[in-house]
Each structure stands twice: as C-alpha cells, then as structure tokens.
1. For the stretch 96-139, what are the residues that are farther than 21 Å from PHE162 by Cα and either open to solvent by less than 20 Å² (accessible area, probe 1.4 Å) or among the hydroxyl-bearing types (Ser, Thr, Tyr) (or both)?
2. Just need a number here: residues in the stretch 149-184 that are farther than 21 Å from THR200 by Cβ and out of contact with any strand residue (DSSP E or B) (no Cβ under 7 Å at 6 or more places or on another chain).
3. Would you call GLU217 without any contact (Cβ under 8 Å) to a residue 40 or more places away in the chain, among the acidic types (Asp, Glu) and more than 30 Å from GLU141 (Cα to Cα)?
4. Which members of the stretch 189-203 meet the condition of being surrounded by fewer than 16 Cβ atoms within 10 Å (Cβ to Cβ) and either basic (Lys, Arg) or over 32 Å from the mean Cα position of the chain (by Cα) (or both)?
5. Kindly provide the set of residues from the stretch 278-297 that are in a loop (DSSP other than H, G, I, E, B) and modelled with pLDDT of 85 or more, ordered by number.
6. Counting only residues that are touching a residue at least 60 places away in the same chain (Cβ under 8 Å), outside any strand (DSSP E or B) and aliphatic (A, V, I, L, M), how many does the stretch 93-146 have?
7. Looking at (1) touching a Leu at 6+ places or on another chain (Cβ under 9 Å); (2) without any contact (Cβ under 8 Å) to a residue 12 or more places away in the chain; (3) farther than 14 Å from GLN6 by Cα, can you tell me which one GLU41 breaks?
8. Output the number of residues of the stretch 26-78 satisfying the condition of being of a type in the set (Asp, Glu) and at positive phi.
Amino acid sequence: MVSLIQLEVLVKVVECRGFSGAAKALFMSQPAVSQHIRNLESSYGVPLVHRTTQGARPTPAGDLVVEHAREVFALLDSLDRAVAAYRGLGGGQLVLAGTTTLGTYLLPRLVADFSVRAPKVTCQIRVGNEDAVEAWLVRGEAALGLCVDTPRDERLQAEEMFQENMVLVASSGSPLVGRELTAADLEGQRFLMREVGSATRRIQERSLRAWGLEAAEQWDLWGPDTLKEAVYEGLGVTLLSEHAARREIRSGILSTLSVTPAPPTRAVSLVRRADRVLTPPEEAFVQLVRSVAAWPA
C-alpha cells in the first residue's frame, strides 16, 4: 500500500539528488529514507531511483511517480486551503519563504507581529536562495515569499513593498573607517562575496563594476553570517544589507564605510503564484506586509 510519506520521501530524494540530503530535509535518518524508497519500489514493482556515485536520479518510472505525487500534494494543499476558508484566522497554517537575508532578518519580525493578530495560526518559515524560493512558490510548498528583484518564473507575481539600503562594512579597526572614501581608496582591498545565485551577490558584482573594481581580489563565502564573521576577523570588506549587519554595527563590532558613489538600494517584494487563491491567514499576512512602509524596527 503506497503512503503519502513514501511519495514525499521520493519527491525529496529527487529534489535533493540524494538520500542524505533528503534525510536532512525531512528530519529523518538515512536508513529510514532508504527503507521508504524500497517499500515504494516494492509496491510498484519497478525501480524508481538510480543510485550512482553522482547522487540519486529518478528512473523513467520514478519521474512519472514524482509528477503524479506533486499533483496529489497540490490537490491536498488546495483542499487544506479550501477548508481553511471556513476557519478564518481561528486556525490553519501559514507557510512563508524568504531569500537568505529576508528570511533570516525580516520574516521572523513580521511573523512575530502576525502571530499577535492570529495566535491560532501555525507558521513555517523557509529560507533559501532566490532559485529555491521561486521553486517553493511555484510548486505550492510556500504560499508567499519575500524576494528582491523580479521573479524569473512567469507564473509568479511580485508586489514591491519597500526599499532597503546596502552598506559596505569593514572591521572596526580598519584604517578605512571614519574617512570619506572614493572607489580609488578601495583598491587593494579583498572583497568578500556571497555565493553565486544570491541576490546580494548580484548587487555586490554590480557595485564592483560601478567602482571599477571588477579585478579586485574576491573570496566567495556562504551566507551573511559567514560574511560578517570573516569581516570581523579582518579577512576583507563586504557589501550586504544594512539590516543583516545592524546589530554588529550598533555594537561597534563592524563599521560602515562611507564611499562615493554610494552602494545601491534594492526593492523588497512580496511574491506569490498569480493563480493562487489565498486563505484567510495568507490574505491577512499580505495585508500586514502592505501596511509596512519600511523595514520594521
């Protein structure tokens, strides 16, 4: 007998391209994931996953099962949302997604405000790069997302909410601190960059071009917290959201550099599938975000 958990495990193995990644995503042990796949293959009587040194890949039959499994989950999600309409804000679930900076530093603050208004609604926050957030929204795994830039998938629509500043930061002991800088003053600096695929990375690259510093030494690091720690240790300077570095700047651990031309601002947008009918909790969250004229303090 095929179960929903078996189908969920198969989909996650295919998405993560491996059993260990699926186990982490599902908070399972790897043997449990393997057992679910074996049971599912036994039920259908055909192999569903190729196990290779490059990871797990679906067989043609596996592709078919994954496609239908996603349709099943989409139908169940539609059922949940339809029933939620009868509960209003008295229950239900709100699944949100955000790119790394927005999901880490903004969404928890907004959800805290939302939970005061709707304490019986359970909330889930997913954080990933832009590609991951768009994929979750397209597949219906998240209802709403906070992103920068315009989504690439035509099935998604974005509503601009407010602007945020980008700041160039250095360790507090840097000789650059406290001076009015030009691009020429930044020559010879090592620039710490977000990983490829990050919206912040694109702004970092655009700023380096504007400063004529495309050839500057660049190190790739993963995530804003790693960037901040590396700057604190004196490994270089970095450009990131003012909100990601707010606490460190206030405490004096990091310092903002004043440079001309100034780093750009970027728009924060609320993104959703254009054809998604929102539940009362989802609609209430949209109204909350619309009421925010600037990043919450």
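The values are calculated or read from the model by the stated rules, or taken from the named source; none is laboratory data. Quick caveat, the model's predicted, so the values are computed rather than measured. Backbone-built Cβ (ideal geometry, glycine too); neighbour counts: all protein chains shown. Side chains are part of the model used for accessible areas, which takes the heavy atoms of the whole protein and leaves out ligands, DNA and RNA. Shrake-Rupley method; radii C 1.70, N 1.55, O 1.52, S 1.80 Å.
1. The answer is SER115, ALA118, VAL121, THR122.
2. Summing the residues that are farther than 21 Å from THR200 by Cβ and out of contact with any strand residue (DSSP E or B) (no Cβ under 7 Å at 6 or more places or on another chain) in the stretch 149-184 gives 6.
3. Against the criterion (without any contact (Cβ under 8 Å) to a residue 40 or more places away in the chain, among the acidic types (Asp, Glu) and more than 30 Å from GLU141 (Cα to Cα)), GLU217 qualifies.
4. Residue satisfying the conditions is ARG190 alone.
5. Within the stretch 278-297, LEU278, THR279 qualify.
6. 9
7. (3)
8. 0
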